[in-house]
Amino acid sequence: MVYRAAVAGRVVLAILGGYGVASLCTALLSLTLPLVRSEAVTLATLVSFAIMVAAVVYVFAARSLGRAVVGLGSLSLLLGGGLWLVNGFA
Amino acid sequence: MRQGFRQSMAWLHTWSGLVVGWVLFAVFVTGTATYYRAEISEWMRPELQAGASIESGRAADLAADYLKAKAPDAQGWFIGLPQPEKPLIELHWWKDLVSPMQHALLDPRTGAPTQARDTQGGDFLYRFHFELNMPPLWGRWIVGICAMILLVALVSGIITHRRIFADFFTFRRHKSAQRGWLDAHNVTGVLALPFHLMIAYTGIVTLAPMYVPWGITAAFDGDAPRFFVEAGLSPEVRAPAGKPGGLVSLAPLVAAAEARVSEPLEHVAVYNPGDAAATIVAIFEERKGLAHLHPQIAFDGATGAELGATGAVRPATHISTAFVGLHEAHFAGPALRALFFLCGLMGAAAIASGLVLWSVARLPKADERPGFGFRLVRALNVGAVAGLPVGLAAYFLANRLLPVGLAGRADIEVRIFFGAWAMIALAGLLRPHLRAWRESLGLASLLFLAIPVVSALTTGAHPFDGEARFLGFDAAMLATGLLLAFAAYEAGRARPQRRAVQADPAAEPARIPAPRPAGTPQKRNAALPQARRSA
């Protein structure tokens, strides 16, 4: 039961957290890459799927669900903070 | 999940592959067939004779006349001009973005609806490949999520695979059922691995702005049309003026556009055709090269003056469109297209063998009742893998056997496709497992072998009559039929139900994990991880 809950937790974290990190990364890179803005958006969107795969692999490779939550959570905070600094939420 | 990186990745590979395998198998098969979409459509409309050259300008005006009568207040018209391999005017129009797209096919000589039989042709397989015949938004999200999970399965599969080079040459077909299936999965998966990675990633990229719109949200305040214009992917389209206006004749604009671009003109789009600020966009075939970039020129619908054109794109956009181009393979010549086709089949085979491997690795012991999950997976395997070919063959046969003038013919063909598929899936539940495989694969084989015969009998056109038009299609159907016959023969051959290790545990103690009953927690350990580690 505990095992199943942990697996379910990882699945949810991989999907929502992976997509969240990929999205934040895309938004941040779209605003910060030193390119014309359409180019920055295109490049950021192009790599977002690789970022999501990496995040999913990380969630399932982490030693415990807690570690994965902390890892993805702090990464999201960093990306979100960066986005806030460049007025991405304006 | 498990202890250690490789084991956790093996777990991830097993389960991510299983949950999306059935959908992905259908996506791979229909997508692979889509490499020959034009040829399939040609075969499914035997009344049309390809090759006649038709003047685009006149065809565009005939299309506009038809649409002015039929949908003067539409928000957009999309006119597909006749091409040598497709002598038809294909029309799409939409009232607004929520109501369904309307569709018509016209005879390019008369401008009247075509006399050719009503069918979706290869376009059905193409659309099914990424929309699953669902409402577009639903289908695209589902296929996109499955493709993303495929990417995860591929990456975790590669990590699992320490002996990737050696396993390339390993096929222990007779060692045991599980070994054979594992090796088959490895061979088909690894041999075409660059293709699998490419096709999964580029497939997601074809709909990237829909899946991850957050870059456009952040940098363009969500104004997607602005993004496409700035990226050089689309010319500027004006907002409607709100008052009615007349539309210029399309023929002179088509001539002007064709004089500017060397590629063939494929489509003419008209936005807000009844409005004073209508925009006409000429859309050409992609230029030579990988990138999926269609040159476009926009004209004022009221005066015919040029409004703008797409030009060269910047590097990131070029890379991104090259991803889409790689996925569609329009750039590929006959040999490369055939190679892509084979790679697509290997992808389908890798998925199918992976699905079967899952169940073979979890065969219950003689004295055990198989669990619900085990039975569900096996039933879905038969339904998805053997049912789809039956559906496809039924779709092609229906095209030849339904009366040509039947009302709603195109929809009935599609219903026969799903009906035949569903029938096999249900019938598979009633038969013993191995017999279900053999019978449904055998039926698919017979149906495919029947296609050239039925086609010759119903259309009167066959190769022995000097009619070589469909020689390639007929050959492909026969080859598919023979392949399925071989599969049916193999599936029905008597082979030990239990894994070989039970009979000979001493021969290779560590290589194959001890069989564990399905439904106990240890079963999550089964198959791949230990086999890999000890190999």
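The values are calculated or read from the model by the stated rules, or taken from the named source; none is laboratory data. Nothing here was measured: the structure is a model prediction, and the numbers come from that model. For neighbour counting, all protein chains shown are included, and Cβ atoms are generated from backbone atoms with ideal geometry for every residue, glycine included. The protein model used for the area step is the full one, side chains on, heavy atoms only, and it has no ligands, DNA or RNA in it. Shrake-Rupley method; radii C 1.70, N 1.55, O 1.52, S 1.80 Å.
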Exercise for the section: Pull up the range B:2-35, narrow it to residues that are free of Cβ contacts under 8 Å to residues at least 60 places away in the same chain and in a loop (DSSP other than H, G, I, E, B), then point me to the one that is most open to solvent (accessible area, probe 1.4 Å). Expected result: B:Q3
Completion exercise
B:L446 meets each of (1) farther than 19 Å from B:A491 by Cα; (2) modelled with pLDDT of 95 or more; (3) open to solvent by 60 Å² or more (accessible area, probe 1.4 Å) with one exception, condition (1)
Exercise for the section: Consider B:L67 carefully, then state whether it is within 29 Å of the chain's Cα centre (by Cα), farther than 30 Å from B:C343 by Cα, hydrophobic (A, V, I, L, M, F, W, C) and open to solvent by less than 30 Å² (accessible area, probe 1.4 Å). Expected result: no
Handout entry: Options A:A6, A:A50: the member that is under 28 Å from B:V229 (Cα atoms) and assigned to a helix (DSSP H, G or I)
Key = A:A50
Problem - Condition met for B:G21 (over 21 Å from B:P334 (Cα atoms), more than 13 Å from every other protein chain (Cβ to nearest Cβ) and not charged (D, E, K, R)) - result: yes
Exercise for the section: Can you tell me which residue among B:V382, B:V414, B:V377, B:V360 is crowded, with 24+ Cβ neighbours inside 10 Å and either β-branched (V, I, T) or farther than 24 Å from B:G442 by Cβ (or both)? Expected result: B:V382
Problem - Test result for A:V12, at the interface with chain B (Cβ under 7 Å from one of its Cβ atoms), in a helix (DSSP H, G or I) and either of a type outside the set (G, A, S) or surrounded by fewer than 14 Cβ atoms within 10 Å (Cβ to Cβ) (or both) - result: no
Problem - Matching residues in the range A:27-45 - criterion: being more than 7 Å from every other protein chain (Cβ to nearest Cβ) and either in a helix (DSSP H, G or I) or of a type in the set (D, E, K, R) (or both) - result: A:L28, A:L29, A:T32
Problem - Scope the range B:207-221; condition aliphatic (A, V, I, L, M), at the interface with another protein chain (Cβ under 7 Å from one of its Cβ atoms) and assigned to a helix (DSSP H, G or I); matching residues - result: B:A208, B:I216, B:A218, B:A219
Practice task
Taking B:R409 as the residue in question, decide whether it is within 21 Å of B:N133 (Cβ to Cβ) and in contact (Cβ under 8 Å) with a residue 40 or more places away in the chain.
Solution key: yes
Exercise for the section: Report yes if A:L24 is closer than 28 Å to A:V11 by Cβ, open to solvent by 30 Å² or more (accessible area, probe 1.4 Å), at pLDDT 95 or above and at the interface with chain B (Cβ under 8 Å from one of its Cβ atoms), otherwise no. Expected result: yes
Handout entry: Count - residues of the range A:60-90 that are within 15 Å of the chain's Cα centre (by Cα) and among the β-branched types (V, I, T)
Key = 2
Practice task
Taking the options B:F341, B:F323, B:F299, name whichever one is touching a Leu at 6+ places or on another chain (Cβ under 6 Å) and not aliphatic (A, V, I, L, M).
Solution key: B:F299
Problem - Entirely in the range B:87-169, the helices (runs of 4 or more DSSP H) that have 2 or more residues that are of a type in the set (S, T, N, Q) and either within 14 Å of chain A (Cβ to nearest Cβ) or open to solvent by 40 Å² or more (accessible area, probe 1.4 Å) (or both) - result: B:136-160
Handout entry: Residues satisfying the stated conditions in the range B:170-196, i.e. open to solvent by 50 Å² or more (accessible area, probe 1.4 Å) and modelled with pLDDT under 90
Key = B:F171, B:R173, B:H174, B:K175, B:W181, B:L191
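For every residue, the table says whether it meets (1) of a type in the set (D, E, K, R); (2) in contact (Cβ under 8 Å) with a residue 24 or more places away in the chain; (3) at the interface with chain B (Cβ under 7 Å from one of its Cβ atoms).
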| position | (1), (2), (3) |
| --- | --- |
| A:R4 | yes, no, no |
| A:A8 | no, no, no |
| A:F49 | no, yes, yes |
| A:A55 | no, yes, no |
| A:G66 | no, no, no |
| A:S74 | no, no, no |
| A:L78 | no, no, no |
| A:V86 | no, yes, no |
Completion exercise
Looking across the range B:201-224 at residues that are in contact (Cβ under 8 Å) with a residue 60 or more places away in the chain and hydrophobic (A, V, I, L, M, F, W, C), the single one that is most open to solvent (accessible area, probe 1.4 Å) is B:M210
Practice task
Determine if the range B:438-445 includes at least one residue that is in contact with a Ser or Thr (Cβ under 9 Å, 6 or more places away or on another chain) and either assigned to a helix (DSSP H, G or I) or among the acidic types (D, E) (or both).
Solution key: yes
Practice task
Output the number of residues of the range B:363-379 satisfying the condition of being closer than 13 Å to B:L18 by Cα and in contact (Cβ under 8 Å) with a residue 60 or more places away in the chain.
Solution key: 3
Handout entry: All positions within the range A:62-90 that are surrounded by 19 or more Cβ atoms within 10 Å (Cβ to Cβ) and either in a helix (DSSP H, G or I) or of a type in the set (D, E) (or both)
Key = A:A68, A:L72, A:L79, A:L83
Handout entry: A:G18 vs. criteria within 17 Å of the chain's Cα centre (by Cα), in contact (Cβ under 8 Å) with a residue 12 or more places away in the chain and part of a helix (DSSP H, G or I)
Key = yes
Problem - Criterion violated by B:I204 - all others in (1) out of contact with any Gly (no Cβ under 9 Å at 6 or more places or on another chain); (2) part of a helix (DSSP H, G or I); (3) within 14 Å of chain A (Cβ to nearest Cβ) satisfied - result: (1)
